[in-house]
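A.B. asks: The structure's right below; bear with me while I get my questions together.
What follows is calculated from the coordinates using simple rules that are stated; it is not laboratory data. No experiment lies behind these values; they were computed from the predicted model shown. Cβ coordinates were reconstructed from backbone atoms using ideal geometry, including for glycine residues, and neighbour counts include every protein chain displayed.
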């Protein structure tokens, strides 16, 4: 049985074999970890789908190959191991060749390979003022979305990068190729002197991957940030009244987060540019809302599992979906499917008592919303007899957005709509 490089996300076209858990000749059980894969977005253990003997490793640790590449071969128990052979892409992986004539049908892509193209229901808009590098400069090579963003934002020479990739027989420009391109060297960090009592704590795999992803997002995306205060008294009243019976009925605790997620999904339906992916010179507006929920792995790093079709779920449905993903994240049971396809991300720091958070965008998303702690505060309330001061429950939401995708007025209008939904919706009726 051939073991292939899996597809770990809609826009992920290649993956790096970070390490092997097994060596040639080892017996492998179905469901047992086989190798560790890293991409621009995630780090994930890949399990064997069948039992057998690892007879061949075609892609050694440290190599990056396209999705669909045969990375190893599993034979029947006791089967003799084959001689090592160099890695090679699966036969049907697209090559860097000129496109065929219109009369010639294209070859079928390898199983599991999904190129990043908009679906029929998605709208494509081109932001003004961003000129793509000439196609000729890339020498016919394909590029990953992250590599294109890096070329655009660093001013790297695409022709020089393409020449280097071709020289080593490559067919696609990845982010690592741009990072390794010749140019002005980055300023070296000053050496740190260890003092008595200092401890050195190496970053674990998840923490290192999180650090790399966040640094790349901050470096390549022009972040802007806005925040508004919400009066969540209506949510709090409905939640306090229903939370005991809700947990008995649905098996999960009723927190504030699914209410905010519900209000966000309602608002995003009216502001489609925020529920989008930025792809260098175009904006992909998604019809479905696949809501990413940032999850902390006991302070060892962050992952963003996804609630698909969140626009179709009510508060109860969102509460159960979020609780399920949080449990899978804590127990290390998230699958590639759980992490794929987010169109907007929501992060919740309120449980830690924060009052104001500016989050980093999760590319290719163009925005991320933070929700902070609910607290009691004196608020001026307008009434038929004039203004009065009342004790209300309030919280802050803040949105970081990619300024290339839309401007401050659009972002502010989205926040205002979320606020309207939170403060005026009949939440008791929605809970039933």
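A.B. asks: With each label point set 7 Å from Cα along the Cα-Cβ vector, what nm distance links residue 287 and residue 389?
C.D. replies: It works out to 5.3 nm between the two label points.
A.B. asks: Can I ask one more? Can you give the extra length, in nm with one decimal, that the chain gains between residue 309 and residue 248 once fully stretched, where that is 0.36 nm per residue apart less the Cα-Cα distance?
C.D. replies: Stretched out fully, the residue 309 to residue 248 stretch lengthens by 19.4 nm.
A.B. asks: Further, regarding this structure: With an 8 Å Cα cut-off and a minimum separation of 6 or more residues, compute the relative contact order for segment 223-431 in percent.
C.D. replies: Result for segment 223-431 is 31 percent.
A.B. asks: Using a Förster distance of 56 angstrom, determine the FRET efficiency expected from the C-beta separation of residue 195 and residue 331, and round it to 0.05.
C.D. replies: 0.90
A.B. asks: If you don't mind, there's one more thing I want to ask. So, by mean Cβ neighbours within 10 angstrom, what's the order for 253-260, 157-164 with the highest one leading?
C.D. replies: Going by the mean number of other Cβ atoms within 10 Å, highest first, we get 253-260, 157-164.
A.B. asks: Once the convex hull of the alpha carbons of segment 2-75 is built, what does its volume come to per residue, in cubic angstrom?
C.D. replies: Here the figure is 71 Å³ per residue.
A.B. asks: Here's something else I'd like to know. Round to a whole angstrom and tell me the spacing of the C-alpha centers of segment 403-425 and segment 306-321.
C.D. replies: If you average the Cα positions of each part, the centres end up 21 Å apart.
A.B. asks: Could you tell me what fraction of 2.2 N^0.38 Å the Cα radius of gyration of segment 296-432 comes to, as a two-decimal ratio?
C.D. replies: That ratio works out to 1.21.
A.B. asks: To the nearest 0.05, how large is the calculated FRET efficiency for residue 241 and residue 409 if R₀ is 30 Å and r is the Cβ-Cβ distance?
C.D. replies: With R0 = 30 Å, the Cβ-Cβ based efficiency is 0.20.
A.B. asks: For a quick check: sort 44, 5 by the number of other beta carbons within 10 angstrom, fewest at the front.
C.D. replies: 44, 5
A.B. asks: Still on this structure, I have one more. Given 0.36 nm per residue, what is the gain on full extension from residue 214 to residue 51 after removing their alpha carbon distance, in nm?
C.D. replies: 54.9 nm
A.B. asks: Sticking with the crude label model, points 7 Å out along Cα→Cβ, report the distance from residue 299 to residue 416 in nm, one decimal please.
C.D. replies: Placing both labels 7 Å along Cα→Cβ, they lie 4.1 nm apart.
A.B. asks: Okay, moving on. Once label points are set 7 Å from the Cα along Cα→Cβ at both residue 376 and residue 159, what is their separation, rounded to one decimal in nm?
C.D. replies: Placing both labels 7 Å along Cα→Cβ, they lie 7.0 nm apart.
A.B. asks: Right, here's the next one. Return a whole-number percent for the relative contact order of segment 2-75, with Cα pairs under 8 Å and 6 or more residues apart as the contact set.
C.D. replies: 41 percent
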